[in-house]
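The values are calculated or read from the model by the stated rules, or taken from the named source; none is laboratory data. Small disclaimer: the values here were computed from a predicted structure and weren't measured. Cβ atoms come from the backbone with ideal geometry, glycine included; neighbour counts cover every protein chain shown. Remember, those area values only see protein heavy atoms, side chains included, never the ligands or the DNA or RNA. Shrake-Rupley method; radii C 1.70, N 1.55, O 1.52, S 1.80 Å.
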Amino acid sequence: MTGRAEPVLRLTGITKRFGSLLANDGITLDLARGEVLALLGENGAGKSTLVSILFGHYVADAGTVEAFGAPLPPGDPAAALAAGIGMVHQHFTLADNLTVLDNVLIGVEPWWRPVSRRAAARARLVGLAERFGLTVDADARVGDLSIGEKQRVEILKALYRDARILILDEPTAVLTPQESERLFATLRAFVAAGLSIVFISHKLGEVLAASHRVAVLRQGRLEAVLPAAGTDASALARLMVGREVAQPVRAARVRRPDDAAAPPVLSLREVDAAEGARTLLHQVSLELRPGEIVAIAGVAGNGQQPLAELLCGLRAPSSGALRVAGAPIAASPAAFIAAGVGRVPEDRHHLGAIAEASVAENAVAEHYRSAPYARGGWLVQRGPIREAAARIVADYDVRCRGLDQPIRQLSGGNMQKLILGRVLSRTPRLIIADQPTWGLDVGAVAWIHSKLLAAADAGAGIVLISEELEEILALADRIAVISHGRLSAARPVADWTTATLGLAMMGADAKEGADAARAA
């Protein structure tokens, strides 16, 4: 941007407390017409609180919000929408059983209108889609769309409501590289049309490529606002966390002559998994050896979750063979835990933690019936529980107010550290790490990567399920791609590039993609 236009959005002195926690501390910030402003910060820095105040989900304790020169009533999402502010959440709010057009019209047409104006609505929707390159079939059932297409529908919903300011929360979190590139082309079209964008992301490279200015929050305060041009990812990371962030690198390991002969810590042979008449996984085969990291790449919804459930005992194969350390194993979480399998689940809030339970209780949640935490499987021993929890909190840098604090009050990064500590403190032989850094800031990501690498170097086999291609390429020894419930052969990481991985994730033949990468 050459010179800044008049602000279309102005936040002045925004302060918000939740009990003793100061989430936003006197934040003053503005957004110009045709500008992309990136909002960065560690988990718990106050980003979500700030945009929730902006969109009317929260009411600030102090401060004001102005949109297009007029005060915005606090705590009123309808007023934000009417003022031209649209929000595209990271987790889509779409009805899968309805069409694209129906989803766009929900909440727009009054229920008492005697005749629906669908023809005019369709024409307007198609016009918006063509204008901004958001191609989608208005009559398609949303449940049949890809993740990238669903995101287009969410953006079209906002544009249909005449949004002039768009808040995009982690917009590329579940997109392939190719879909992300298309999104950035759309953002450029928005800017050319005079729309303004607040862009929340943890991907520093994308922030620098897509934004004009970057606002960095740290511990609820506005640490800096600076032009994207002229800065770099390391400077932004330093502003976010207040120190240099060293990215862990996997040291080259010397393979012993007997490594190849070592029995696999995990073996899947032509495994199918079904739910009713629907096949979720088809002829999946995979071998993992001690000390090896095999990454599973794929677009969300292509079978990652059934595979993760299979590898943790939550789902039984409908056919084929699954062995851990050479032995068959019953489809039971308790049996997998007893066999030395550690699980870092995708959803830390609902699957990895018990929200109302304390930090101490969550630290031993998977082992609370075993010694030394219980006698006879039932009589709880609080002393050993608190001792174990205190060690995990100290060793894994879990920042909390104390062992009795409910885990739901922890930031995402600290909750993930506690879960990782619960797993790694047991020295598992096999670790299933499912989206282990999803939604975390650069400092927490680097820390968790270092712990996973250390576990592999100590001999644990790790299955890394991730949609973050940079993470996969940085950590994996071999990579397999899952698409429509089928898993490709796991090939050495050197055989892949970000581009060929993206193509394979979209359904292109994984072998052809890897061969093309080697030829290049």
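Numbers at a glance
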{"read-out": "Formal net charge of residues neighbouring Pro428 (Cβ-Cβ distance under 12 Å; K, R +1; D, E -1)", "value": "+3"}
{"read-out": "Under-5 Å amide H pairs with Val36, H placed in peptide plane, nonlocal only", "value": "Ile197, His212, Arg213"}
{"read-out": "Per residue accessible area in Å² of the chain, where ligands, DNA and RNA are left out and the probe is 1.4 Å", "value": "44"}
{"read-out": "Mean-position separation - Cα centroids, region 131-183 and region 72-105, in angstrom", "value": "13"}
{"read-out": "Within straight-line cross-link reach of Lys47, lysines at Cα separation under 30 Å, skipping those fewer than 8 residues along the same chain", "value": "Lys16, Lys150, Lys157, Lys203, Lys417, Lys451"}
{"read-out": "Environment charge at Ala62 (Cβ cut-off 12 Å; Lys +1, Arg +1, Asp -1, Glu -1)", "value": "0"}
{"read-out": "Ordering of 127-137, 292-302 by burial proxy (mean other Cβ atoms within 10 Å per residue, highest first)", "value": "292-302, 127-137"}
{"read-out": "Interchain or long-range residues, amide H under 5 Å from Gly86's placed H", "value": "Arg164, Ile165, Leu166, Ile167"}
{"read-out": "Kirkwood-type radius of region 352-502, with distances r between different C-alpha atoms, in Å", "value": "16.9"}
{"read-out": "Global geometry of region 120-170, whether rounded, prolate or oblate, following the gyration tensor of its Cα atoms and the 1.5 cut on a/c", "value": "oblate"}
{"read-out": "Charge sum, other residues only, whose C-beta stays under 10 Å from Asp404's C-beta, Lys/Arg counted +1 and Asp/Glu -1", "value": "+1"}
{"read-out": "Portion, in percent, of the accessible area of the chain that falls on carbon or sulfur, probe 1.4 Å", "value": "54"}
{"read-out": "Percent RCO, i.e. relative contact order, over region 126-197, from Cα pairs under 8 Å lying at least 6 residues apart", "value": "37"}
{"read-out": "Overall form of region 381-453 per C-alpha gyration tensor (a/c, 1.5; a/b vs b/c)", "value": "oblate"}
{"read-out": "Helical contribution to [θ] at 222 nm, DSSP H n ≥ 4, -39,500 (n - 2.57), averaged over the chain, rounded to 500", "value": "-9500 deg cm²/dmol"}
{"read-out": "Karplus (6.51, -1.76, 1.60) ³J(HN,Hα), θ = phi - 60°, over region 338-351, in Hz, Gly and Pro reported as x", "value": "5, 7, x, 9, x, 10, 10, x, 4, 9, 5, 6, 9, 10"}
{"read-out": "Long-range HN-HN contacts of Ala357 with modeled amide H, under 5 Å", "value": "Ile407"}
{"read-out": "Candidates per GluC sites (Glu not before Pro) in region 326-403, loop by DSSP, up to 14 other Cβ within 10 Å", "value": "Glu356"}
